[in-house]
Amino acid sequence: MRRPNPSTDSESGAAVLEFILVGLVLLVPLVYLVITLGSIQGQSLGAEAGARHIARAIALSSDSDEARDRTDRILAAVVEEYGIDDSAVEIALHCRPASADCPSAGATVVVTVRTSVSLPLVPPVLGLDRIASVPVEASSAQKVSRFWGVGS
């Protein structure tokens, strides 16, 4: 049986080069995707936790001043815990049924927390970091006690 001559074989050593090249072409986007999805998941968990805890704090407060104070403390804790950009966080509060005062006794408080997640490794040149961002929103509803606002 005749052995191939390495000096005439044109495919010699190409497998290693192809493996490295294909590995990099497939691995780099996959790693970027994992990092991006992890970042989006973390921010969405933070938005959900913020909405849920703020709604509960408002519903369990005795008056609007205490509710506002609790909301500020909870939002600061969630922003710090989940690494959310505090300038990108928006909170919307409305009650069902709609009334002049929100929150009010017996109403259902709906808290919505919105933020946006900038994609990793996107430079802030020409506003690309704002364009390449994913909006994240979470809502939570909580029933307010019918004794809310009554002095204790």
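The values are calculated or read from the model by the stated rules, or taken from the named source; none is laboratory data. Here the structure is a predicted model, which means the values were calculated and not measured. Note that each Cβ is placed from the backbone with ideal geometry, even for glycine, and that neighbours are counted across all protein chains shown.
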Checklist entry - Which of (1) out of contact with any Asp or Glu (no Cβ under 9 Å at 6 or more places or on another chain); (2) under 30 Å from residue 29 (Cα atoms); (3) modelled with pLDDT of 90 or more does residue 55 not meet, given it meets every other one? => result (2)
Next on the checklist: residue 58 - would you say it is touching a residue at least 40 places away in the same chain (Cβ under 8 Å) and β-branched (Val, Ile, Thr)?
Outcome noted: yes
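Of the residues that sit in the stretch 100-149 and are among the hydrophobic types (A, V, I, L, M, F, W, C), assigned to a loop (DSSP other than H, G, I, E, B) and out of contact with any strand residue (DSSP E or B) (no Cβ under 9 Å at 6 or more places or on another chain), which one is farthest from residue 43 (Cα to Cα)? If you could, list the steps in order and put the result at the bottom.
Of the stretch 100-149, the ones among the hydrophobic types (A, V, I, L, M, F, W, C) are 100, 102, 105, 107, 109-111, 113, 117, 119, 121-122, 125-126, 128, 131-132, 134, 136, 138, 141, 144, 147-148.
Filter again for assigned to a loop (DSSP other than H, G, I, E, B), leaving 100, 102, 105, 107, 119, 121-122, 132, 144, 147-148.
This time we only want the ones that are out of contact with any strand residue (DSSP E or B) (no Cβ under 9 Å at 6 or more places or on another chain), so: 100, 105, 121, 147-148.
Values: 100: 33, 105: 32, 121: 17, 147: 35, 148: 32 Å.
For the stretch 100-149, the residue satisfying everything is 147.
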Next on the checklist: Filter the stretch 82-99 down to the residues that are in a helix (DSSP H, G or I), surrounded by 13 or more Cβ atoms within 10 Å (Cβ to Cβ) and without any contact (Cβ under 8 Å) to a residue 40 or more places away in the chain and list them by number.
Outcome noted: 88
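Working only within the stretch 61-81, note down all residues that are of a type outside the set (D, E, K, R), out of contact with any Pro (no Cβ under 9 Å at 6 or more places or on another chain) and in contact (Cβ under 8 Å) with a residue 40 or more places away in the chain.
Matches in the stretch 61-81: 62 only.
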Item to check | Residue ID - nearest to residue 36 (Cα to Cα), chosen from residues in the stretch 107-144 that are surrounded by fewer than 14 Cβ atoms within 10 Å (Cβ to Cβ) and not hydrophobic (A, V, I, L, M, F, W, C) | outcome: 120
Checklist entry - Being touching a residue at least 12 places away in the same chain (Cβ under 8 Å) and in contact with a Gly (Cβ under 9 Å, 6 or more places away or on another chain), is that true of even one residue in the stretch 46-54? => result yes
